[in-house]
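Peer 1: Before we start, here is the structure in question, set down as structure tokens.
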Amino acid sequence: MLVFLKLYLAHLIADFILQPEWIARNKQRISPLIAHSFIHFLTALILINTGLTGRIFLVLVVLGILHAISDYIKSTFTQDNWLAFTSDQIVHLVIIIGASIWLSTDPASNSRMVFDWLTKSEKIYLYLCAYIGVTFGGGYFVQKVTQYFMQHIDPDLVQKKPGLRNAGKYIGWLERSLVLTFIASGYPDGVGLLLAAKALARYPEIKDDTKGHLAEYVLIGTLTSVSVALAAAFALIKIRAIVR
């Protein structure tokens with residue numbers, strides 16, 4: 001675990017602290033990629049600092065090369081949006097996990113243990129079901145519930161309604177996943193803070209609605225969204241207690 005933490009810390013430092021703008025913007029070119037790869041290698045080398053062997057040195061070199069390849073693919077073949085960024089970071093994490101297993105005292109046994117954990121742990125699949133179902137599936141449910149009420153809002157008011165395109169969908173995703181996280185991790189107070197923050201953010205949007213249509217629409221959507229997340233969170237807690 002210590003080796004993994006050191007390697008991942010090196011990744012975080014090299015990627016988010018020691019990466020200058022000229023490298024971040026030019027990863028389709030060889031020289032910035034080589035520089036970025038060397039920074040990763042040097043940072044990991046400094047953090048490993050003790051017990052350096054030829055095997056560890058080779059792993060650090062391979063890590064730097066694979067990091068550069070992943071960054072090149074992201075910058076060349078994607079739009080470099082949030083999805084590409086997240087996917088790229090997941091790839092880096094998986095590579096570091098693989099390197100940590102390779103450097104462990106019993107790589108074969110540890111690889112088998114990780115594989116068994118990923119394929120046989122009921123809790124992993126339980127959490128995946130809960131978060132995907134609540135975050136994305138819950139969004140469709142909320143949309144179906146609020147669809148009827150949207151048809152009864154004053155059309156002129158809807159036209160004047162501020163907001164970015166699809167922002168409400170992303171807000172709903174974050175809202176439900178955060179509520180699920182707060183309840184499942186034992187911090188229900190976080191739900192109150194989340195709803196208070198949302199109310200403050202929504203206030204300018206609904207303050208001029210003298211009929212209260214938008215206020216009621218937002219309230220229905222929010223309470224439906226939160227109710228779905230709460231129900232799933234309480235179910236998750238109950239099921240979690242009986243699975244492996």
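Peer 1: Based on DSSP H runs of at least 4 residues, each adding -39500 (n - 2.57), what is the mean residue ellipticity at 222 nm of the chain after dividing by all its residues, to the nearest 500 deg cm²/dmol?
Peer 2: -26000 deg cm²/dmol
Peer 1: So for Lys27, Lys169, fewest C-beta neighbours within 10 Å to most, what's the order?
Peer 2: In order of increasing Cβ crowding within 10 Å: Lys169, Lys27.
Peer 1: Right, here's the next one. Per q in 0.21, 0.22, 0.28, 0.34 1/Å, what log10 I(q)/I(0) does a Debye calculation on the alpha-carbon atoms of the range 17-61 return?
Peer 2: -0.70, -0.74, -0.94, -1.17
Peer 1: For the range 2-120, what relative contact order do you get, as a whole percent, if you take Cα pairs closer than 8 Å and at least 6 residues apart?
Peer 2: 29 percent
Peer 1: If neighbour count is taken as other Cβ atoms inside 10 Å, put Phe38, Phe182 in order from fewest to most.
Peer 2: Ascending number of Cβ neighbours within 10 Å: Phe38, Phe182.
Peer 1: Restricting to Cα pairs below 8 Å that are 6+ residues apart, what does the relative contact order work out to for the chain? Please round to a whole percent.
Peer 2: Reported relative contact order: 19 percent.
Peer 1: Longer than 22 Å from Cα to Cα, which of Lys144/Lys169; Lys6/Lys123; Lys123/Lys169; Lys123/Lys238 are they? Say none if no pair is.
Peer 2: In this structure, Lys6/Lys123; Lys123/Lys169 exceed 22 Å between Cα atoms.
Peer 1: Taking only Cα atoms, what is the 0 to 90° angle, nearest 10, from helix 167-184's long axis to the longest principal axis of the chain?
Peer 2: 70 degrees
Peer 1: In the range 66-160, which trypsin sites (Lys or Arg not before Pro) fall in coil by DSSP and have 13 or fewer other Cβ atoms within 10 Å?
Peer 2: none
Peer 1: Taking the Cα centre of the range 1-151 as origin and charging only Cβ (+1 Lys, Arg; -1 Asp, Glu), how large is the dipole, in debye to the nearest 20?
Peer 2: Roughly 80 debye, rounded to the nearest 20.
Peer 1: Mind checking the dipole of the range 23-112: about its Cα centre, +1 per Lys or Arg Cβ, -1 per Asp or Glu Cβ, Debye to the nearest 20?
Peer 2: Dipole size: approximately 120 debye.
Peer 1: Return the ratio Rg/(2.2 N^0.38 Å) for the range 46-85, where Rg is computed over Cα atoms only.
Peer 2: My calculation over the Cα atoms of the range 46-85 gives 1.60.
Peer 1: Return the inverse of the average 1/r over all pairs of distinct C-alpha atoms in the range 2-120, which is the Kirkwood hydrodynamic radius, in Å to one decimal.
Peer 2: Kirkwood hydrodynamic radius for the range 2-120: 15.0 Å.
Peer 1: To the nearest 10 degrees, how steep is helix 54-77 against the longest Cα principal axis of the chain, on a 0 to 90 scale?
Peer 2: For helix 54-77, the angle is close to 40 degrees.
Peer 1: As a footprinting exposure proxy, order Leu128, Leu178, Leu12 by other Cβ within 10 Å, with the fewest listed first.
Peer 2: Leu128, Leu12, Leu178
Peer 1: With an 8 Å cut-off on Cα pairs and a minimum separation of 6 or more residues, tell me the relative contact order of the range 1-61 in percent.
Peer 2: 40 percent
Peer 1: Students often get this wrong, so try it: which of (1) 17.3, 51; (2) 23.5, 73; (3) 17.4, 54 is Rg and Dmax of the Cα atoms in Å as calculated from the structure shown?
Peer 2: (2)
Peer 1: Moving on. Please determine, in degrees from 0 to 90 and to the nearest 10, the orientation of helix 138-150 with respect to the longest principal axis defined by the Cα atoms of the chain, where the helix direction is its Cα long axis.
Peer 2: 30 degrees
FYI, it's all coordinate maths here, none of it is from the lab. Quantities reported herein were computed from a predicted structural model and do not represent experimental measurements. As a convention, Cβ positions derive from the backbone with ideal geometry for all residues, glycine included, and neighbour counts pool all protein chains shown.
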